[in-house]
Amino acid sequence: MSTDIVTRAPKRRLRDRLPVVHQLRQSVGLQRGMLIAGLVLTGLFILTAVFAPLIAPFGFAQLRDAEGPFGSQQAPSAEHLFGTTVGGYDVLSRVLWGAQTALFVIVIAVILSIFAGVLLGLVSGYFGGWLDRVLVVVCDAIYAFPSLLLAIVMSIVISGGQSNLWGGVFAAAISITVVFIPQYFRVIRAETVRIKAEAYVESAKVLGASSGRVMFRHVLRNATRTLPLIFTLNSSEAILTLAGLGFLGFGIEPTAAAEWGYDLNKALSDVSSGIWWTALYPGLAIVLVVLGITLVGESLNDLADPRLRGRRRVAQASGVVAETSVVPGGTLSAGPGGLSGLEDGESFDEHGIGVRS
Amino acid sequence: MRALLIIPTVFILVTLVFVLMRSTGDPITAALGGQLPPDQLAERIHAAGFDRPILVQYFEYLGQIFTGNFGTTITDNRPVTDILVKYGSATLELAFYALLVAFVVGIPLGLVAAYFRDKGQDAALRIFAILCYATPVFFAGLLLKLIFSVWLKVLPVAGRASTSAQLQMEVLPNKTGLYTIDAIMTGNPAVLGDVLAHAVLPAIALGLLTAGVFLRLVRTNVIGTLATDYVDAARSRGVSEYRLVQKHAYRPALIPIITVIGLQIALLLGGAVLTETTFEWKGLGFMLAEYLQARDFVAVQGIVALLAVIVALTNFIVDIIAALIDPRVRY
């Protein structure tokens with residue numbers, strides 16, 4: 001009879017499988033509020049970044065308009081809503097343009113580190129052996145390093161410190177990438193080691209599939225489910241690292257692009273004389289963007305952990321729990337998620353990750 | 001077994017810093033290029049041995065570090081070891097106060113958040129924790145400075161101590177470099193007050209960063225332990241929810257915190273660089289920023305290598321402490 005239909009599980013609709021949409025539907029109450037707030041802030045940030053040239057009243061390096069120079073350290077007024085900096089730039093314009101620089105850096109940094117980290121993790125976890133051991137030790141060492149210091153060293157290597165827009169963006173992005181690679185590496189490697197032992201990988205090998213085919217078609221597609229989570233956590237860290245680099249004078253020249261950290265560095269001496277607008281607005285911009293992205297990441301993290309998920313709908317969603325609950329590689333200490341997955345005494349050895357601490 | 005891992009970690013970090021820093025060229029050209037004529041430049045490069053094969057320099061560098069010699073700075077010709085000793089104490093002091101703030105703020109608030117789980121208080125505290133993380137330390141520092149030093153004028157703007165206090169501490173026969181201890185040794189309460197007043201804002205700026213992490217960690221772990229069987233058993237005996245959090249769920253939740261402190265040291269030291277620059281707190285981070293500006297890469301290399309070693313060592317020590325506290329953790 002028609003048995004072939006019965007045995008087949010209904011396929012989940014695309015709408016439910018998209019990473020964020022699925023979690024949005026799963027969340028309740030406060031958690032939903034935080035996720036939505038985060039998504040709104042992040043959306044605003046991206047829109048600002050994309051449309052900065054249209055929204056900003058002036059250019060980021062503009063010192064004068066038709067009526068003459070802007071003047072230095074002017075208090076907020078109708079013409080300059082956020083005032084002007086010590087260098088005579090319009091603060092509002094630099095804050096808006098700064099979103100664009102930040103977005104460039106995030107996108108480049110995260111794409112580069114996903115590629116490098118995923119590839120290394122996959123190869124290392126799949127083949128094992130001495131290469132695996134060496135990579136694990138090296139990544140652990142890099143991971144233990146204060147990330148800002150590593151980013152500083154990298155930016156010296158890449159650009160000698162100062163540079164133009166794309167040079168600076170790439171220098172910052174690559175510096176941040178180096179910091180992030182170990183995180184992707186650890187997660188993907190742990191998943192790969194776990195999946196490698198699954199029956200379907202075995203059968204693919206028996207059927208004569210090449211290592212490359214098994215790695216990319218069978219293992220990779222099943223190992224990527226935690227990536228959106230790390231992605232968000234890393235994005236917020238990327239902004240903070242970029243700002244930290246800029247604050248220490250290792251960012252992008254003010255004439256090449258607007259960068260919030262650099263502006264805050266210039267505001268350092270303003271504050272002592274009571275000039276607040278040059279520091280407040282770029283700083284707030286950083287806080288809001290990081291807050292938004294972190295809220296999204298935080299919500300994804302909590303929704304992936306049944307102990308932390310809002311309690312009302314747990315029963316209904318339990319069918320999905322098996323797929324999303326484990327955060328392998330648990331130590332997402334990069335983000336504020338901290339070691340939330342780490343219960344006392346538990347070690348991650350069973351997931352095949354070297355426990356670092 | 002775990003103890004052995006510290007050696008490759010330190011070795012890799014030192015090597016990494018060396019390779020990266022030297023891949024930009026020799027440090028003398030970086031620092032003085034353009035200021036000296038080419039022949040003098042070449043002479044100094046030769047005198048410092050930077051024109052020899054990189055491998056030779058690398059092994060020499062390893063040997064030097066092994067004996068505690070981190071080289072001599074190029075811009076002001078001081079032994080890097082002196083700088084590390086002199087300014088390291090300032091950074092140590094700042095890190096200590098910051099950790100203190102983090103504990104005092106983070107742990108009680110984390111307990112409160114776990115107690116009010118999923119209620120308004122919990123939400124507010126979680127937002128607070130995320131804000132702690134989302135606010136760059138230098139922005140927090142700038143705001144604190146603006147409010148408490150410039151507008152309210154209750155705390156000093158920058159530095160570690162006022163000039164008069166510094167003079168009184170300078171004359172001490174065996175000063176430690178830790179201003180709090182030196183100030184106590186002067187026996188003058190005004191000096192101690194001055195030193196502490198200078199430490200308040202930097203400690204808060206840096207401490208809040210870590211406090212947010214502690215808050216979240218305590219909250220998550222207490223919620224985790226509240227779901228365990230023995231807590232259920234206590235609850236069924238009629239123990240109040242408050243007491244459950246206070247007595248039963250609190251202690252086991254502290255163990256991961258100790259582990260995380262090790263990880264936080266890296267964050268804390270990174271933050272210290274920024275905090276010290278914001279408050280002109282003359283520690284390693286402040287000097288690092290100065291030498292970075294001067295492109296003095298020998299000094300930078302020395303400071304970064306030392307910080308890396310400190311982080312690796314702290315992680316190692318924290319591992320041991322965790323094992324001592326929790327009998328289940330055995331390596």
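The values are calculated or read from the model by the stated rules, or taken from the named source; none is laboratory data. Remember, it's a predicted structure, so these values are computed and weren't measured experimentally. Here the Cβ positions follow ideal geometry from the backbone for every residue, glycine too, while neighbour counts run over all protein chains shown. The area values use the complete protein model at the heavy-atom level, side chains included, leaving out ligands, DNA and RNA. Shrake-Rupley method; radii C 1.70, N 1.55, O 1.52, S 1.80 Å.
Miscellaneous remarks
- Two-decimal Rg to Rh for segment A:29-304 - Kirkwood Rh, Cα set: 1.08
- For B:Arg160, nonlocal amide neighbours, meaning residues 5 or more places apart or on other chains whose placed amide H falls under 5 Å from its own, are B:Lys282.
- Across peptide B:223-232, the average count of Cβ atoms from other chains found within 10 Å of a residue's Cβ is 2.
- Area buried, chain A against chain B - accessible surface, total, 1.4 angstrom probe, square angstrom: 5900
- Where N is the number of residues in segment B:70-223, Cα Rg divided by 2.2 N^0.38 Å: 1.27
- Seen from a random direction on average, the alpha-carbon convex hull of segment A:230-310 projects onto 6.7 square nanometres.
- Calculated on the alpha-carbon coordinates, the convex hull of chain B measures out at 182 cubic angstrom per residue.
- Couplings 3J(HN,Hα) of segment B:239-253, computed from phi: 5, 5, 4, 4, 5, 4, 5, 5, 9, 8, 8, 6, 5, x, 6 Hz, in residue order, whole Hz [Karplus 6.51 cos²θ - 1.76 cosθ + 1.60, θ = phi - 60°; x for Gly and Pro].
- Averaged over the residues of peptide B:284-292, the number of Cβ atoms from other protein chains lying within 10 Å of each residue's Cβ is 2.
- Taking amide H as placed 1.01 Å from N in the peptide plane, the amide H of B:Thr72 sits under 5 Å from that of B:Val80, each at least 5 places away or on another chain.
- Of the residues A:Trp277, A:Trp166, ranked by 1.4 Å probe accessible area with the largest first, the sequence reads A:Trp166, A:Trp277.
- Nonlocal amide H pairs with A:Asp65, under 5 Å, H built at 1.01 Å: A:Phe70
- Cα Rg, Dmax (largest Cα-Cα span) when computed across segment A:167-234, Å: 15.4, 49
- Semi-axis lengths, largest first, of the ellipsoid equivalent to segment B:167-279 are 41, 18, 12 Å, with √(5λ) applied to each eigenvalue of the Cα gyration tensor.
- Tilt relative to chain B, helix B:297-325 - C-alpha long axis, 0 to 90 degrees, to 10: 30
- Alpha-carbon centroid distance for the pair segment A:123-153 / segment B:193-223, whole angstrom: 30
- Violating pairs (Cα-Cα greater than 28 angstrom) within the set B:Lys86/B:Lys153; B:Lys119/B:Lys247; B:Lys145/B:Lys247: B:Lys86/B:Lys153; B:Lys145/B:Lys247
- Applying 1/(1 + (r/R0)^6) with r as the Cβ-Cβ distance of B:Thr67 and B:Ile6 and R0 = 25 angstrom yields a FRET efficiency of 0.85.
- Residues B:Thr163, B:Thr275, B:Thr314 ordered from highest to lowest accessible area at a 1.4 Å probe: B:Thr163, B:Thr314, B:Thr275.
- Taken one residue at a time, the phi angles of segment A:172-183 give Karplus couplings (6.51, -1.76, 1.60, θ = phi - 60°) of 5, 5, 5, 4, 5, 4, 4, 5, 7, 3, x, 5 Hz. Gly and Pro are set to x.
- Debye-sum result for segment A:78-130 in log10 I(q)/I(0), which assumes one identical scatterer on each alpha carbon, at q = 0.13, 0.21, 0.27 Å⁻¹: -0.54, -0.79, -0.95
- Straight-line cross-link reach from A:Lys196 at under 23 Å between alpha-carbon atoms covers these lysines, not counting any fewer than eight positions away in the same chain: A:Lys205.
- Sorted largest first, extent of segment B:1-141 alpha carbons per principal axis (Å): 71, 44, 27
- Remark on segment B:206-331: Rg and Dmax equal 20.0, 67 Å (Cα only).
- Mean Cβ neighbour count within 10 Å, used as a protection proxy, ranking A:98-106, A:79-87 highest first: A:98-106, A:79-87
- Loop-located GluC sites (Glu not before Pro) in segment B:35-117 (DSSP state not H, G, I, E or B) with no more than 16 neighbouring Cβ atoms inside 10 Å do not occur.
- Over chain B, DSSP H runs of length four or greater, each weighted -39,500 (n - 2.57), average out per residue to a 222 nm ellipticity of -24500 deg cm²/dmol.
- Along principal axes, Cα extents of segment A:201-275, largest first, whole Å: 74, 23, 15
- Our coupling estimate for segment A:271-286, obtained by passing each phi through the Karplus curve with A = 6.51, B = -1.76, C = 1.60 and θ = phi - 60°, is 4, 4, 9, x, 8, 9, 6, 6, 8, 4, 6, x, x, 4, 4, 4 Hz, Gly and Pro reported as x.
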